[in-house]
Amino acid sequence: MPRFAAIDIGSNSVRMEVAEISAKTRVLASERKVTRLGQSVFRTGRVSPDAIEFLCTTLSEMAMIYKRFEIHGIRAVATAAVRDASNQREFISKVSAAAGTPVEIISGQEEARLIHLGVQSRWPHARQRVLMIDIGGGSAELILSDSGRIVAAVSKQLGALRLTELFLKSDPPAPEELHRMQEYIEERIAQSIRRMGSLRIDRVIATSATASAVVCAVNQIPRQKRELADKARASTAQIRELYADLISRDIEGRRKIVGIGPKRAEIIIPGAAVLLSVLKGLALPSLYYSAAGVRDGVIADLAARTSARSITEMSGEQREVVEEMAIRYGVSLRHVRKVSRMANDLFVALEPLHKLPHSNGRLLEAAAHLHDIGHFVSDTRHHKHSYYLVLNSDMPGFTEQEREVIANLCRYHRKAMPAQEHHNWQPLDADSRRAVTMLAPLLRIADNLDRSRGQRVKSVECILRPNEVVLRLHSNKDVDLDAWATERAAEFFRQVYNKPITLVRARA
């Protein structure tokens, strides 16, 4: 059975998990350590040298654990604190070396997607509308899910560690500190409350260590048995009562509450305040706790990508992301869907030549949807504008490396071929460069075959011959093959694949 590993570098703690995927996910190893990574970031704007050193030591230990297993894939992600840090480059270089795998800084939207995927993988709600609340150390995610699909997701800078650093200086906290913190929380969630307030919500599911501590405290579950809290319930009234108790105690008093660990006691007040504010704002009676989190979402995502490795098309979730972007920038969906379909057909047919992993077909499809969005900025050099827009867009469901490949495919869908002096080309690794080089000619060909936007070509049949590639076009309208053959697309293909390409009309 395939095995996967996930590393979640949060603002307050780092988690590592190894799981085996079959009909049911089986966790083989799981580690968590409090790092307080965000503490220095929220104070100074940088991850401190001491915090980086401690995290690197922790990651090296975790790497020794996951390397004992024969894993099929691993993904390491960093969240809110690192998103805010000014020394990201130094941080990523050092922690990637320690973890033994590249560490990726993910956006709040991608974090929300992974949380949702993790919860659904462990506790599916196929026919209900569910609000998920994740209170991390640096951010809080509110995710509205309907029938297993994300309807809305927001990430707010309302993490328990961040709020502690910003507002709580006294122990126990002073009333004015609590008041300022409460105003800050309500101001940040007000828009989401207005948007979701009129909707029926069947269930609230809270994740993260804050939610675990709150549910454990309400249900008198000892910290040593916190696994029993999974799927346990806490009413809004119970959380309100717990919050009143928490703010009346000093740190030692909070540590004596059943279910709240010594480290969690330091930051539990802001976390509980955010949970209570959301429940009260939406007039919701209770919440349930789920032990799932980002790491479970990472593993579920890796498993889905692997099980679909023979499938070259985007997932429904990825398609929603790129089509929403295409609509936002005024692109014709009819055209890009046609280009996407033909590009994918070429990718599959030419696999013996390009020999790229099947997952690259999804990146080609995404680029086919987005290659023209640069027209929104200017018709002049629109391919370069498309590159910039994709590179700087939040695209949940695609990794940072995948987004770079998609952006470069948009950049090279016309005009020049990739060149070493191009600034966009230099950051790409060898695999990404090869993918762009082999895929760009296919995108150019597919785009040219619907240049008129008239859908003249219904489908493309690709025939591989020893000395050429023949494209047989199925069309119910005239296609000017001679004019097309003079285009750079044909020449670009010949240079990359070392074969000329010939177009012929299929017989009626």
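Which members of region 90-115 meet the condition of being touching a Pro at 6+ places or on another chain (Cβ under 6 Å) and polar (S, T, N, Q)?
If the condition is that a residue be touching a Pro at 6+ places or on another chain (Cβ under 6 Å) and polar (S, T, N, Q), then SER96, GLN109 are the ones that fit.
Could you figure out which of (1) assigned to a helix (DSSP H, G or I); (2) in contact (Cβ under 8 Å) with a residue 12 or more places away in the chain; (3) farther than 21 Å from LYS156 by Cα; (4) of a type outside the set (A, V, I, L, M, F, W, C) isn't true of SER22?
Answer for SER22: the failing condition is (1).
Could you check region 311-332 and list, in sequence order, the residues that are in a helix (DSSP H, G or I), hydrophobic (A, V, I, L, M, F, W, C) and in contact (Cβ under 8 Å) with a residue 12 or more places away in the chain? Even if it seems obvious, please write down each step before you answer.
Going residue by residue through region 311-332, those that are in a helix (DSSP H, G or I) are 316-328.
Narrowing further to those that are hydrophobic (A, V, I, L, M, F, W, C): 321-322, 325-327.
If the condition is that a residue be in a helix (DSSP H, G or I), hydrophobic (A, V, I, L, M, F, W, C) and in contact (Cβ under 8 Å) with a residue 12 or more places away in the chain, then VAL321, VAL322, MET325, ALA326 are the ones that fit.
In region 64-79, what residues are in contact with a Phe, Trp or Tyr (Cβ under 9 Å, 6 or more places away or on another chain), assigned to a strand (DSSP E or B) and more than 17 Å from VAL41 (Cβ to Cβ)?
Pass one, region 64-79, residues in contact with a Phe, Trp or Tyr (Cβ under 9 Å, 6 or more places away or on another chain): 71-75, 78.
Right, trim to assigned to a strand (DSSP E or B) and you get 73-75, 78.
Selection gives GLY73, ILE74, ARG75.
Identify all residues within region 119-131 that are aliphatic (A, V, I, L, M) and surrounded by 22 or more Cβ atoms within 10 Å (Cβ to Cβ); write none if there are none.
Our first condition is that a residue be aliphatic (A, V, I, L, M); within region 119-131, this holds for 119, 126, 130-131.
Passing the criteria: VAL119, VAL130, LEU131.
When both residues are 6+ apart or on different chains and their Cβ atoms are under 8 Å apart, which pairs have a first residue that lies in region 82-100 and is at negative phi, and a second that is aromatic (Phe, Trp, Tyr)?
Here the result reads VAL82/PHE91; ASP84/PHE42; ALA85/PHE91, each pair linking region 82-100 to a residue that is aromatic (Phe, Trp, Tyr).
Yes/no matrix, rows are residues, columns are (1) surrounded by 21 or more Cβ atoms within 10 Å (Cβ to Cβ); (2) closer than 15 Å to ASP296 by Cα; (3) of a type in the set (Asp, Glu):
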position	(1), (2), (3)
VAL82	yes, no, no
ALA99	yes, no, no
GLN109	no, no, no
LEU117	yes, yes, no
ILE133	yes, no, no
GLY137	yes, no, no
ILE150	no, no, no
VAL154	no, no, no
GLN157	no, no, no
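Does SER11 meet the test of being polar (S, T, N, Q) and in contact with a Gly (Cβ under 6 Å, 6 or more places away or on another chain)?
Numbers: polar (S, T, N, Q): yes; in contact with a Gly (Cβ under 6 Å, 6 or more places away or on another chain): yes.
The answer is yes for SER11.
Go through region 67-123 and count every residue that is in contact with a helix residue (DSSP H, G or I) (Cβ under 8 Å, 6 or more places away or on another chain) and among the aromatic types (Phe, Trp, Tyr).
The qualifying residues number 1.
Answer yes if at least one residue in region 34-45 is of a type in the set (S, T, N, Q), surrounded by 16 or more Cβ atoms within 10 Å (Cβ to Cβ) and touching a Leu at 6+ places or on another chain (Cβ under 7 Å), and no otherwise. I'd like the intermediate steps shown before the answer.
The initial filter retains those residues of region 34-45 that are of a type in the set (S, T, N, Q), namely 35, 39-40, 44.
Now narrow it down to the ones that are surrounded by 16 or more Cβ atoms within 10 Å (Cβ to Cβ): 35, 39-40.
Restricting the remaining residues to those that are touching a Leu at 6+ places or on another chain (Cβ under 7 Å) gives 35, 39.
Yes, there is a match, as at least one residue in region 34-45 is of a type in the set (S, T, N, Q), surrounded by 16 or more Cβ atoms within 10 Å (Cβ to Cβ) and touching a Leu at 6+ places or on another chain (Cβ under 7 Å).
Would you mind telling me which numbered condition in (1) free of Cβ contacts under 8 Å to residues at least 40 places away in the same chain; (2) surrounded by fewer than 16 Cβ atoms within 10 Å (Cβ to Cβ) ALA63 fails?
Going through (1) free of Cβ contacts under 8 Å to residues at least 40 places away in the same chain; (2) surrounded by fewer than 16 Cβ atoms within 10 Å (Cβ to Cβ) one by one, ALA63 breaks only (2).
We did not get these values from a lab; they are worked out from the coordinates using the rules stated. These figures come from a predicted structure and were not determined experimentally. Don't worry about glycine lacking a Cβ; one is built from the backbone with ideal geometry, like all the others, and counts go over all protein chains shown.
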